[in-house]
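Single-structure report; data block below.
What follows draws every value from the coordinates through simple rules; no lab data is involved. A quick note: this is a predicted structure, and the numbers were derived from the prediction, not measured. So basically every Cβ, Gly included, is an ideal-geometry build from the backbone, and we count neighbours across all protein chains shown.
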Amino acid sequence: MQERVLEGEQARAANDDLPLSRPGRRQGRGANARPAFDRKVIALVYDFDGTLSPRPMQEYTFLPKIGEDPKAFWAESNRLAREQAADPLITYMHLMYKKAKAKGVRIDREDLVALGRGVDLFPGVTEWFEAIGEYVKIRSETNGVTLRHYLISSGLTEIIEGTAIYRHFHNVFASEYWFDPYDLPYPKRVITDTGKTQYLFRINKGIEDLRDNINQHMPERDRPIPFANMIYFGDGDTDVPSMAVMRKNGGHAIAVYPPGKPKAKCIELFKANRIDFYAAADYRRGSDLFRRTCLLIDRILADIRVQEEVWRIEREVVRGR
């Protein structure tokens, strides 16, 4: 059901009720729509495991704390999911705490947050957010451009909150537990590969409160962060649905691979037109990833300037009538 809703949303986004004169603008309507041109937010959206961090976040602290070998744990989790025809993400979330209980290890929400401090990140990630922010500030020739960072992950919200980079995100959408009502923590939210796309539309529409429904139709001109202002960062097959949604709706995508490791998956994504660029997951200034991200940001900034100038001219035309 969720996938059908998202397909419908994509169709409505591509076939709005008024003819487009230019990207994000409507003929005869745009000039009086708002007192100021306000579609000047740039959103960088990241996966976590394999994108910002070399390994799944659970492998750094949670699994060692309960005495589990990561390779054996994932093999068991995947086997159980196949045998029971269960969702793999729900299965791993349940199995972690089932094994913790069997070992007599109690891990509450505060413990998970503390475990997040032990998660490793790729080179340059901790400095990336301020460096990219400085670049946008320098390159922006229009007042009021805002840069936001978002995280969409099937990993655990609680662990992410404990990482050194959590403070940089405008919002985090990740899997999460209910703790209090159950003997074992129960999955409160599970974010699947296809489910990630819902959160791209939430960012696009400005409906980031998960209590609010996003299925109501919203004309493209009213969406505060156009897909054209967004860049998605991922590392592989689990990111393909998000990359596809971004690219089909005018957004951008970059695939990363571990430095010094094979990049065959990224090449495959590039050939399939799922991404704009790929690069090693080296987030330091001067790296291919930094440089290629800046190229896309330059394109976004130029598009914002063009659209704002068109908006001004349209207002002049309307006022002159």
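Charge dipole (Cα centre; +1 on Lys/Arg Cβ, -1 on Asp/Glu Cβ; no other charges) of the chain amounts to roughly 840 debye.
When each full DSSP H helix of the chain is screened for a Cα extent of at least 20 Å along its own axis and an average Kyte-Doolittle hydropathy of at least -1.0, the helices passing are 88-102, 125-139, 288-319. As a proxy for reagent exposure, Cys294, Cys266 were ordered by neighbouring Cβ count within 10 angstrom, fewest first; the result is Cys294, Cys266.
Only one residue of Ile107, Thr157, Trp311 has its Cα farthest out toward the positive end of the dipole of the chain, where Lys and Arg carry +1 and Asp and Glu -1 on Cβ, and that residue is Trp311.
Of all DSSP bridge pairs formed entirely within the chain, close to 15 percent run antiparallel.
For the cross-link pairs Lys101/Lys196; Lys65/Lys101; Lys40/Lys205; Lys71/Lys196; Lys137/Lys263, the ones whose C-alpha atoms lie over 21 Å apart are Lys101/Lys196; Lys71/Lys196; Lys137/Lys263. Against the set (i) 88, 46, 29; (ii) 73, 56, 34; (iii) 77, 43, 37, the structure's computed Cα extents along the principal axes in Å falls on (iii).
Positive-end ranking of Pro123, Ile275, Gly50 along the dipole of the chain, with charges on Cβ about the Cα centre, is headed by Ile275.
If you take the Cα centroid of segment 211-242 and the Cα centroid of segment 127-179, the two points sit 16 Å apart. Ordering Asp298, Asp183, Asp276 from the fewest to the most neighbouring beta carbons within 10 Å gives Asp183, Asp298, Asp276.
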